Amino acid sequence: MDDLTQTAFLNRPDLHVGTEGEFAGWRTWSRDNFETNNGPFWHRMDEDGRIRSAFRVEKKHLNGSGNVHGGCFMSFADYCLFATASPVLQGPGVTVSFACDFLDAGREGDLIEGFTEITRAGGSLIFLRGELKSGERLVFTFSGTIKRLKRRMPAKA
């Protein structure tokens, strides 16, 4: 399905669609310098309408023990929160809370997939939870809250 034409995804000027390789047709954004440098992280809409996020583990994602660095899992999970919340967020937002559990290691070459769901979306807060998997292996669980930001009008000259 991967049809995001009726959502807020298209309202982002920094949205990019992969054109080659395993992530052809997947989307990413470039506004977040940290994610751009530490990814690339990708997302798409599955047939059932759920947002799936993913990245392929490279050497740069590893800690000194040769496993995915915990900060990488946390950064990717935060990306998953926003990829899933974007259609209802309808604008800028910030993470105001984040909790996680490290369950297993990720290794170089693994495809890490994120599955996130909105548990509640109110007027100013969006609550989400999710999990990261490598194949069928659950490696990380998380929950987070995003606060909608009001758009600021530019100051008059």
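None of the figures in this text is laboratory data; all of them are computed from the coordinates on show. Because the structure is predicted, anything quoted here is derived from the model rather than measured. We place every Cβ from the backbone using ideal geometry, glycine too, and count neighbours over all the protein chains shown.
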Scaled radius of gyration (Cα, divided by 2.2 N^0.38 Å) that the stretch 8-148 gives: 0.99
Paramagnetic reach from F102 in the stretch 39-83 [backbone N under 15 Å; point 7 Å along Cα→Cβ]: 61-77
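Between beta-carbons, use under 12 Å as the cut-off and find the net charge around A121, counting Lys and Arg +1, Asp and Glu -1.
Working: positive: R120, K147, R148; negative: E117.
Every neighbour counted, the sum reads +2.
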Packing rank of 85-91, 44-50, where each peptide gets the mean count of other beta carbons within 10 Å, highest leading: 85-91, 44-50
Rounded to whole Hz, the Karplus (6.51, -1.76, 1.60) HN-Hα couplings of the stretch 82-98, x for glycine and proline: 6, 4, 6, 7, 3, x, 9, 5, 6, x, x, x, 9, 6, 9, 8, 7
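Restricting to Cα pairs below 8 Å that are 6+ residues apart, what does the relative contact order work out to for the stretch 54-157? Please round to a whole percent. Don't skip to the answer; put the middle values down first.
Working: 194 pairs, mean separation 32.9, N = 104.
Rounded, it is 32 percent for the stretch 54-157.
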Linear extension gain, V17 paired with M74, 0.36 nm per residue minus alpha-carbon span: 18.2 nm
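Can you show me the helix-derived [θ] at 222 nm for the chain, built from DSSP H runs with n ≥ 4 at -39,500 (n - 2.57) apiece and divided by the number of residues, rounded to the nearest 500.
Numbers: 2 runs with 26 residues, N = 157.
Value at 222 nm, helices only, nearest 500: -5000 deg cm²/dmol.
Work out the count of Lys pairs in the chain where the Cα-Cα distance is under 27 Å, with the pair 8 or more places apart or on different chains. Don't jump to the answer; show the numbers that get you there.
Working: K59/K133; K60/K133; K133/K147; K147/K156.
Qualifying lysine pairs in the chain: 4.
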Gain upon complete extension [A155, R129; 0.36 nm per residue less C-alpha separation]: 5.7 nm
GNM result for the chain, Cα springs below 10 Å: residue of G130, G25, G122 fluctuating most strongly: G122
